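Throughout, read-outs are computed from the coordinates displayed, never taken from laboratory work. Because the structure is predicted, anything quoted here is derived from the model rather than measured. Glycine gets a Cβ as well: all are built from the backbone with ideal geometry, and neighbour counts include every protein chain shown.
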Amino acid sequence: MRDYYDLTELGRARRLRALVMIALDYYDLELVSLRLITNETNGVFRADASDGSRYVVRVGLGGEVGHATDVVRAEVAWLAAISNETDLLVPAPIPTRSGNRVVVVEAPGVPERRNVVVFSWLSGPLLGDRLTPRMSSTSGRTSPRSTTTGPASFPRTPQRSRATTALFLSRKLITWRGSTIRSSLVRVCLLYT
C-alpha cells in the first residue's frame, strides 16, 4: 500500500472516507451518501442521511499537527453551549449513541488515529467570490458573543483557552482567504478549524 503522505489530496481523501465510515458506525445515522467538501487541512465531508438530514463530518489532522483530543472535546462542548444557550446559528455537534461528541478512530492506510466530529448542516448559498468586507465585518461583530458563551458549569480550562485562541486565529485566516471558500465551509471553519 502506498504511503499516505505520498498520495495526492484526493488520494488521502479516499482513505479518510473509509475512516469516516468507521466513525459513523457510532452514530444513529442511516447514511445515503458521503461527499468530500475539502481536504485542504482537515478532511471535511457532507453526509446525507436517509431521513433527509444533512451533516458535516470533520476528520482532524493526525500526528503532531493535529489537535489533541482534549482540545477537540473542549471545542465541541463550547460549540454545544453556543448552540443550546444563544440565538447564534452555529453547526451543533451531534452526539454518538453513547453521548460522546468526539470519536477517535483509525483505518487501514491512514497512519494516525483521528478525531472525528459530526456537526449539523447549515444551509445557505455558496459565497465563493461574493464574500464581501461587509459580511466579514458582520461576522466580526458577532464573534465576541461566541467567545463569552458557555454554561457556568463549563470551566475555563487551558484546553478551552487553546481552542478559543485557535478559533480566533482561524477567523482571521478565513477572512483573508474568504473569496475561495464556500459559505457552508466559512460557517464551519469560523468555529471549527
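When peptides 3-16, 59-72 are ranked by their average number of other Cβ atoms within 10 Å per residue, the highest-first order is 59-72, 3-16. Applied to segment 70-82, the Karplus parametrisation 6.51 cos²θ - 1.76 cosθ + 1.60 on θ = phi - 60° returns per-residue 3J(HN,Hα) values of 5, 5, 5, 4, 5, 4, 6, 5, 5, 5, 4, 5, 4 Hz, with x for Gly and Pro. For segment 81-110 versus segment 25-78, the inter-centroid distance based on Cα atoms is 8 Å. For segment 47-64, backbone phi angles converted through the Karplus equation (6.51, -1.76, 1.60; θ = phi - 60°) give residue-by-residue couplings of 10, 9, 9, 5, 7, x, 6, 10, 9, 10, 10, 10, 9, x, 5, x, x, 5 Hz, Gly and Pro being listed as x. Computed from backbone phi, the HN-Hα couplings of segment 86-97 come to 10, 9, 6, 8, 10, x, 8, x, 9, x, 6, 4 Hz, rounded to whole numbers (Karplus: 6.51 cos²θ - 1.76 cosθ + 1.60, θ = phi - 60°; Gly and Pro given as x). Between residue 106 and residue 18, the modelled labels are 1.4 nm apart [label points 7 Å from Cα along Cα→Cβ].
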